[in-house]
Amino acid sequence: MEWKTSCIDWEKRILSGESLIVNPPLFPDEAESALAVFKELRLMDVLGRPTLGMAGRKWLFDFVSAIFGAYNPNSGRRMISEFFLLISKKNSKSSSCGAGIMLTALIRNWRESAEFTILAPTVEIANNSFFPARDMVKADEELSDLMHIQEHYRQITHRQTGAVLKVVAADSETVGGKKAGWILVDELWLFGKKIGAENMLREATGGLASRPEGAVIYLSTQSDEAPAGVFKQKLDYARGVRDGRIDDNRFLPIIYEFPRAILDEKKHLDPKYFYVTNPNLGASVDEEFLLREFKKAEEAGAESMQGFLAKHLNVEMGLALKSRGWAGAEFWRDAAGEVTLDLLLEKSEVVVIGIDGGGLDDLLGMAVLGRITETKKWMLWIKAWAHPIALERRKSEASKYRDFQGDGDLVIVEEIGEDIKQVGDIVMRCEQSSLLDRIGVDPVGIGEIIDELQGRGMNHDRIVGIPQGWRLSGAIKTMERCVAEKSIIHSGSRLMEWCVGNARVEPRGNAIIITKQASGTGKIDPLMASFNAVALMAMNPEPRKKEYKIFFVGGKK
């Protein structure tokens with residue numbers, strides 16, 4: 001039997017309202033029987049108490065059919081075992097769809113004492129998943145006789161098989177040692193913000209190793225920040241399978257998002273395209289409500305609009321363009337290009353370096369800024385360092401730090417002082433290229449850096465203290481103009497995108513300042529290092545004169 005879970009023509013399909021599942025159910029009888037059960041479940045919190053069969057749309061029935069229709073009753077093995085659904089808020093994702101799927105699985109299960117788990121990131125979301133399942137049982141006399149509800153455990157037990165459906169909150173209950181054959185992970189985007197979430201999910205899904213009939217189902221909306229952690233991992237993998245880049249026919253991705261061309265042309269802001277990521281528009285998603293929320297977001301500004309786009313239109317957030325955000329953030333992505341330290345040193349006529357941060361719970365940021373010989377544009381390369389203590393004290397950001405580490409833009413050092421030594425190595429590499437002019441640093445807390453560089457032979461007068469606060473205003477404005485004009489090129493790293501999005505501007509008379517205090521837990525040290533470098537490059541340093549050695553041949557010069 002051959003099948004495919006990729007959907008190469010997904011852009012055409014999603015715009016025309018077609019199914020994003022290419023193949024029909026592998027085992028139609030299994031799909032039909034399960035779908036019949038699913039459609040009979042009743043929604044108690046909806047006006048008129050309709051069944052899922054009455055309230056559901058075709059996309060939902062296709063999804064349910066694909067899950068249950070992947071089971072081979074002859075071998076007892078599920079041919080597709082992982083499912084990923086990314087869909088806009090209020091499209092019957094978790095509260096009804098997830099509860100209905102897991103309750104259907106419990107009803108149709110044949111294994112004695114089997115375990116079914118809905119894993120939620122918080123207690124509140126766990127309750128939102130359990131209550132619909134509980135109410136579906138209570139609404140049906142036959143199910144009420146067949147199932148035993150234990151509300152204080154958020155648990156439903158099948159009286160005949162002893163199988164249990166339990167809703168677990170990851171923030172208050174352990175998932176270790178679970179033997180669940182079915183796992184539904186709700187609101188995966190929130191797990192992306194949890195440190196250790198990847199290991200948690202690996203532990204939770206371990207039961208599938210001995211239960212080949214089981215499945216893992218990931219449900220999520222887009223994140224209200226740039227995707228991170230395990231959510232980004234799964235989203236990237238799902239896109240890879242969907243686009244045919246990754247060959248994995250045991251993983252079925254269903255992603256309701258706008259094609260790139262629609263986003264580039266900003267057509268997603270036209271309400272006539274809202275249907276693309278809202279297949280339940282007109283059913284569980286009220287069109288009038290969506291239009292009102294859109295208009296409110298327009299009036300409230302960029303931060304509110306990004307929140308609306310992420311949750312109601314499933315648009316992936318990049319830069320957090322929040323109120324009081326740095327003006328350069330709006331143009332940051334457009335200035336991205338190919339940048340490596342090797343390339344920068346190869347193409348530049350002069351180089352300056354900016355350094356900032358370095359406290360134990362801070363990032364140490366380093367910016368190497370080169371002026372390209374031919375075009376005179378600037379090329380920016382960034383590196384950052386963090387101590388493990390920063391991950392402990394900033395647990396809300398720990399998953400991001402691990403992502404940046406994986407990208408190669410952040411080094412998590414094991415020993416104090418190791419970061420300073422690595423900074424010294426990079427400085428000396430630039431020095432040996434005969435391109436380095438000066439090094440700009442925050443005058444506060446630079447003792448260790450100065451000691452390291454002077455110990456390597458760097459003259460003290462080439463290490464410049466860059467005035468901070470309102471006196472850095474000129475560098476901030478220079479950099480934002482360069483970014484808008486694309487006269488500065490950066491690598492487009494997630495680290496810097498995050499830092500740029502974290503920056504908050506405060507007016508000071510005719511000047512502006514960007515402070516770490518105003519940015520809260522969101523770090524900006526690499527961005528501040530960039531401003532320090534810009535302050536030096538704005539002085540238009542002259543290229544260093546090449547040093548020529550005189551050789552004597554045959555006793556003559």
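Points to keep in mind about this one:
- Semi-axes of the equivalent ellipsoid for the chain, computed as √(5λ) from the eigenvalues of its C-alpha gyration tensor and ordered from largest down, come to 53, 24, 22 Å.
- Distance between the pseudo-spin-label points of residue 304 and residue 374 (7 Å out from Cα toward the beta carbon): 4.8 nm.
- Restricting the GluC sites (Glu not before Pro) of region 275-376 to loop positions (DSSP other than H, G, I, E, B) with no more than 12 neighbouring Cβ atoms within 10 Å leaves 338, 374.
- Cβ charges +1 (Lys, Arg) and -1 (Asp, Glu), total dipole of the chain, debye: 860
- For region 253-340: rounded, prolate or oblate by the Cα gyration tensor [a/c cutoff 1.5]: oblate
- Judged by the gyration tensor of its Cα atoms, with axes a ≥ b ≥ c, region 63-142 is oblate; a/c meets the 1.5 cut and b/c is at least as large as a/b.
- Judged by the mean number of other Cβ atoms found within 10 Å, the most tightly packed of the peptides 217-223, 489-495, 419-425, 304-310 leads the ranking 217-223, 489-495, 304-310, 419-425.
- Angle between the chain longest axis and helix 473-485 axis [Cα atoms, degrees, rounded to 10]: 60
- Look at the alpha carbon pairs under 8 Å that are at least 6 residues apart: their mean separation over the length of region 1-55 gives a relative contact order of 22 percent.
- Counting heavy atoms of the protein chains alone, residue 499 has an accessible area of about 0 Å² for a 1.4 Å probe.
- Relative contact order of region 46-173, defined on C-alpha pairs under 8 angstrom at six or more residues apart (%): 24
- Using a Förster distance of 35 Å, the FRET efficiency for residue 432-residue 236 (Cβ separation, nearest 0.05): 0.40
- Entries in 232/296; 89/295; 311/477; 89/234; 267/295 that, when Cα-Cα distance is taken, lie over 26 Å: 232/296; 311/477
- Using 0.36 nm per residue and subtracting the Cα-Cα separation, the extra length available between residue 481 and residue 77 on full extension is 139.5 nm.
- Region 183-242: trypsin sites (Lys or Arg not before Pro) in DSSP coil with no more than 11 other Cβ atoms inside 10 Å: none
- Net charge, residue 33 excluded, C-beta distance under 13 Å - Lys, Arg +1, Asp, Glu -1: -2
- Of the beta bridges in the chain, as assigned by DSSP with both residues counted there, near 45 percent are antiparallel.
- Here the label points at residue 338 and residue 295, each 7 Å from Cα along the C-beta direction, are separated by 4.9 nm in the simple model.
- Each Cα pair under 8 Å and six or more residues apart adds its separation to the average, and for region 293-418 the resulting relative contact order is 15 percent.
- On Cα atoms only, tilt of 418-432 relative to the major axis of the chain in degrees: 50
- Sites residue 123 and residue 49 - FRET efficiency at Förster radius 30 Å, r taken between beta-carbons, to 0.05: 0.65
- The calculated 222 nm mean residue ellipticity attributable to helices in the chain amounts to -11000 deg cm²/dmol, summing -39500 (n - 2.57) over DSSP H runs of n ≥ 4 and dividing by all residues.
- Relative packing of 67-79, 261-273, 16-28, which averages over residues the other C-beta atoms within 10 Å, highest first: 67-79, 16-28, 261-273
- Legend: residues 51, 375, 478, sorted from most to least accessible area (1.4 Å probe; ligands, DNA and RNA excluded), read 375, 478, 51.
- Solvent accessible area, Å² - residue 260, 1.4 Å probe, full protein context: 140
- Within the assembled protein chains, the solvent-accessible surface assigned to residue 371 is about 20 Å², based on a 1.4 Å probe.
- Helix axis angle, 287-300 relative to the chain longest principal axis, alpha carbon, degrees: 20
- Full-stretch length increase - residue 29, residue 150 - with 0.36 nm per residue and alpha-carbon distance subtracted: 40.3 nm
- Length gained on full extension, residue 411 to residue 316: 31.6 nm, using 0.36 nm per residue less the C-alpha separation.
- Beta-bridge orientation, region 361-424: approximately 75 percent antiparallel, per DSSP, counting only bridges with both partners inside.
- Of 463, 168, 205, farthest towards positive along the dipole that unit charges on Lys, Arg, Asp, Glu beta carbons give the chain: 463
The values are calculated or read from the model by the stated rules, or taken from the named source; none is laboratory data. Predicted, not measured: the structure shown is a model, and the values here were computed from it. When we count neighbours, we look across all protein chains shown, and the Cβ atoms used for this are built from the backbone with ideal geometry, even at glycine. Heads up: the accessible areas ignore ligands, DNA and RNA and are worked out on the full protein's heavy atoms, side chains in. Shrake-Rupley method; radii C 1.70, N 1.55, O 1.52, S 1.80 Å.
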